[in-house]
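The values are calculated or read from the model by the stated rules, or taken from the named source; none is laboratory data. Just so you know, these numbers come straight off a predicted model, no measurement behind them. Ideal geometry is used to build each Cβ from the backbone, glycine not excepted, and the neighbour counts take in all protein chains shown. The area values use the complete protein model at the heavy-atom level, side chains included, leaving out ligands, DNA and RNA. Shrake-Rupley method; radii C 1.70, N 1.55, O 1.52, S 1.80 Å.
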Amino acid sequence: MTVLVPTMGALHKGHQALIKRARELDKEVVVSIFVNPLQFTEAADLEKYPRTPEADIQIATLAGATEVWFPTYEEIYPNEPVQISAGPIGELYEGASRPGHFAGVLTVVNRLFEIVKPKAAVFGEKDFQQLWLIKNHFKKMEIISVPTIREFDGLALSSRNVRLTESDRNAALIISKALKEPARMAEILATEPEFKLDYADIIDEQNFQIATDATKNKRAIIAGWVNGIRLLDNAVVDTNS
Ligand code: PAF
């Protein structure tokens, strides 16, 4: 049986951590690389999405992938795709800013599962809402999550980071700084003029509602833009904070 690591390519150390985890689970690891048009709300964003197939093959193989699979659009969607609804939680946060995004994600993941028929699949915690929705929708599949990999200075690894200039990157650091002090997130984020906030909240991991004192598992989630590049990150919040 196979373990699947679904990706959109432009692989980095974060993906390598997913692949390594998959290899711990099985000796057959398929890494799929498919930039799924269904999950992009803006054509320009889809067009600008980094594509580095040669490097991807090397990075995936080095991390332990036994197959790097670049499906075509026709393989994934031989017919007009019927999109899977992501439900009410799919409309919050990322879903509110990118309508239809999570339906696109669930639809492609479903097709990847149908084709590869893996015994398990591995996803990163960086896209926390995506992970939640996938776990919730594919209850019969074993979904394994891997913590976010960060640069030495805290920046969460993301395929979109290659588009950041040095000064964008410095501005982007405000996100991981803010996550370290959840009680002051908004105040800290506001100190960086280059960061345009979309949302910064502490939510209940169970239902994505704003956390209360009674919430057991709290998570801080932040998203916004630096120089038009969308960035998101999250971190567990100590229940006592
Ligand atoms: O997280 C991603 O890279 C994508 O959303 C996924 C899960 C590969 C679906 O296209």
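The residues of region 199-216 that are of a type outside the set (Ser, Thr, Tyr) and open to solvent by less than 90 Å² (accessible area, probe 1.4 Å), listed by number, are ALA200, ASP201, ILE202, ILE203, ASP204, GLU205, ASN207, PHE208, ALA211, ALA214.
Scan region 79-132 residue by residue and report those that are more than 15 Å from LEU4 (Cβ to Cβ), part of a helix (DSSP H, G or I) and more than 10 Å from the ligand (Cβ to nearest atom). Of everything in region 79-132, those that are more than 15 Å from LEU4 (Cβ to Cβ), part of a helix (DSSP H, G or I) and more than 10 Å from the ligand (Cβ to nearest atom) turn out to be PRO88, ILE89, GLY90, GLU91, GLU94, GLY95, ALA96, SER97, ALA103, PHE128, GLN129, TRP132. As a summary of the residue check, PHE208 satisfies the conditions (1) at positive phi; (2) in contact with a strand residue (DSSP E or B) (Cβ under 8 Å, 6 or more places away or on another chain) except for the one numbered (2).
Taken together, LYS196, LYS135 contain a single residue that is at pLDDT 95 or above, away from the ligand (no atom under 16 Å from the Cβ) and open to solvent by 80 Å² or more (accessible area, probe 1.4 Å), which is LYS196. Among the residues of region 161-170, those that are open to solvent by 30 Å² or more (accessible area, probe 1.4 Å) and within 20 Å of GLY9 (Cα to Cα) comprise VAL162, ARG163.
Of LEU179, LEU155, all but one fail to be more than 21 Å from HIS101 (Cβ to Cβ), surrounded by 20 or more Cβ atoms within 10 Å (Cβ to Cβ) and away from the ligand (no atom under 16 Å from the Cβ); the exception is LEU179.
Scanning region 110-127 for residues that are within 13 Å of the chain's Cα centre (by Cα) and open to solvent by less than 20 Å² (accessible area, probe 1.4 Å), we see that the one that is farthest from MET8 (Cα to Cα) is VAL122.
Of all positions in region 29-47, none carries a residue that is touching a residue at least 60 places away in the same chain (Cβ under 8 Å) and away from the ligand (no atom under 14 Å from the Cβ). For the residues GLN130, GLN58, GLN83, the requirement of being open to solvent by 80 Å² or more (accessible area, probe 1.4 Å), closer than 16 Å to LEU18 by Cα and either more than 18 Å from the chain's Cα centre (by Cα) or at pLDDT 95 or above (or both) singles out GLN58.
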